[in-house]
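The values are calculated or read from the model by the stated rules, or taken from the named source; none is laboratory data. Keep in mind it's a predicted model, so treat the numbers as computed, not measured. Cβ atoms come from the backbone with ideal geometry, glycine included; neighbour counts cover every protein chain shown. Just so you know, the surface numbers come from the protein's heavy atoms only, side chains and all, with ligands and any DNA or RNA stripped out. Shrake-Rupley method; radii C 1.70, N 1.55, O 1.52, S 1.80 Å.
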Amino acid sequence: AADLLDIPATYGVVHLRYSEAHWLDCDRLRESHVMLDLMDLKRQAGLWPLPPSLGTEGTWPGPATQDGLRADGASWDGPDALDTVFAMHDALLSFDGVSLESMPHADYWTEHFMYYAASGVGMCRGLEGFRAHHQIPFLRAFPDRDAEGHFIRISDGPYAVTGGVVTGTHSGEYLGMPATGKFVRIPVMDFYRLEGDRIAENWLPMDVPFVA
């Protein structure tokens with residue numbers, strides 16, 4: 001109903017994707033991390049500023065199991081979801097600079113896992129889709145990528161959330177943005193749903209405008 005930053009009002013229905021993480025100190029909010037997918041809002045407003053996404057754009061679905069809210073206090077006898085997530089993170093950071101097979105992260109995903117990345121990257125399915133639509137373009141653009149650490153890391157049954165900042169030197173084209181040679185910081189969050197000890201779904205809010 002009104003302009004938002006440089007996005008003019010459409011006077012139509014839109015879906016504004018967001019993620020939140022809050023640090024509570026007793027009964028007070030001490031720190032909050034909030035990301036809005038403004039690139040997706042631009043897409044819906046017909047103002048897409050990038051080349052077409054390699055993945056599929058659209059509204060993210062909720063968990064396939066429709067059980068993301070665990071408010072009944074039920075006990076959980078399965079593995080800690082964060083153990084799998086951290087092992088997968090370690091595998092992703094083991095790239096030898098030559099072969100994708102040097103990263104054994106496939107050991108931690110289901111065969112047909114769904115990957116819901118921020119607008120600009122898009123959604124993809126399975127290891128082949130993940131490599132083509134996200135992993136390979138990101139590695140080419142940021143071959144020295146690393147992580148600063150997490151501001152959140154929690155798990156609840158088969159769900160886990162991590163959030164932090166990915167760093168790297170912008171050494172190659174990324175999402176239509178030519179290499180700048182600059183060291184960049186990219187705020188990200190990851191929401192995971194596991195089946196057993198493997199990741200079945202991963203939602204990845206990422207601050208794409210911050211890269212530019």
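Descriptive notes on the structure:
- Residue in segment 100-117 that is buried (at least 16 other Cβ atoms within 10 Å of the Cβ), in contact with a Pro (Cβ under 7 Å, 6 or more places away or on another chain) and at negative phi present: no
- Matching residues, segment 153-189, being of a type in the set (A, V, I, L, M), surrounded by 16 or more Cβ atoms within 10 Å (Cβ to Cβ) and in a strand (DSSP E or B): Ala160, Val161, Val165, Val166, Met177, Val184, Ile186, Val188, Met189
- Single residue of segment 134-151 satisfying the filter (open to solvent by 30 Å² or more (accessible area, probe 1.4 Å) and among the aliphatic types (A, V, I, L, M)) that is nearest to Met123 (Cα to Cα): Ile136
- Residue that is farthest from the chain's Cα centre (by Cα), among those in segment 5-18 that are of a type in the set (A, V, I, L, M) and open to solvent by less than 70 Å² (accessible area, probe 1.4 Å): Ala9
- Selection within segment 140-172 - out of contact with any Gly (no Cβ under 9 Å at 6 or more places or on another chain) and more than 19 Å from Asp207 (Cβ to Cβ): Ile154, Ser155, Asp156, Ala160, Gly172
Let's see how each residue does on (1) assigned to a loop (DSSP other than H, G, I, E, B); (2) touching a helix residue (DSSP H, G or I) at 6+ places or on another chain (Cβ under 6 Å); (3) within 18 Å of Val208 (Cβ to Cβ); (4) of a type outside the set (A, V, I, L, M, F, W, C):
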{"residue": "Gly12", "(1), (2), (3), (4)": "yes, no, no, yes"}
{"residue": "Ser32", "(1), (2), (3), (4)": "no, no, no, yes"}
{"residue": "Asp40", "(1), (2), (3), (4)": "no, no, yes, yes"}
{"residue": "Leu54", "(1), (2), (3), (4)": "yes, yes, yes, no"}
{"residue": "Thr65", "(1), (2), (3), (4)": "yes, no, no, yes"}
{"residue": "Ala74", "(1), (2), (3), (4)": "yes, no, no, no"}
{"residue": "Asp83", "(1), (2), (3), (4)": "no, no, no, yes"}
{"residue": "Val98", "(1), (2), (3), (4)": "yes, no, no, no"}
{"residue": "Ala106", "(1), (2), (3), (4)": "no, yes, no, no"}
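- Looking only at segment 178-212, residues that are touching a residue at least 60 places away in the same chain (Cβ under 8 Å) and either under 23 Å from Pro143 (Cβ atoms) or not basic (Lys, Arg) (or both) come to 20 in all.
- No other residue among Trp76, Trp48 is farther than 24 Å from Asp144 by Cα, free of Cβ contacts under 8 Å to residues at least 12 places away in the same chain, of a type in the set (Phe, Trp, Tyr) and surrounded by 12 or more Cβ atoms within 10 Å (Cβ to Cβ) apart from Trp48.
- Matching residues in segment 190-212 - criterion: being assigned to a loop (DSSP other than H, G, I, E, B), open to solvent by less than 60 Å² (accessible area, probe 1.4 Å) and farther than 21 Å from Ser119 by Cβ: Gly196
- Selection of segment 102-112 for residues being within 20 Å of Gly163 (Cα to Cα) and touching a residue at least 24 places away in the same chain (Cβ under 8 Å) yields Tyr108, Trp109.
- Residues that are assigned to a loop (DSSP other than H, G, I, E, B) and either open to solvent by 60 Å² or more (accessible area, probe 1.4 Å) or aliphatic (A, V, I, L, M) (or both), drawn from segment 85-96: Leu93, Asp96
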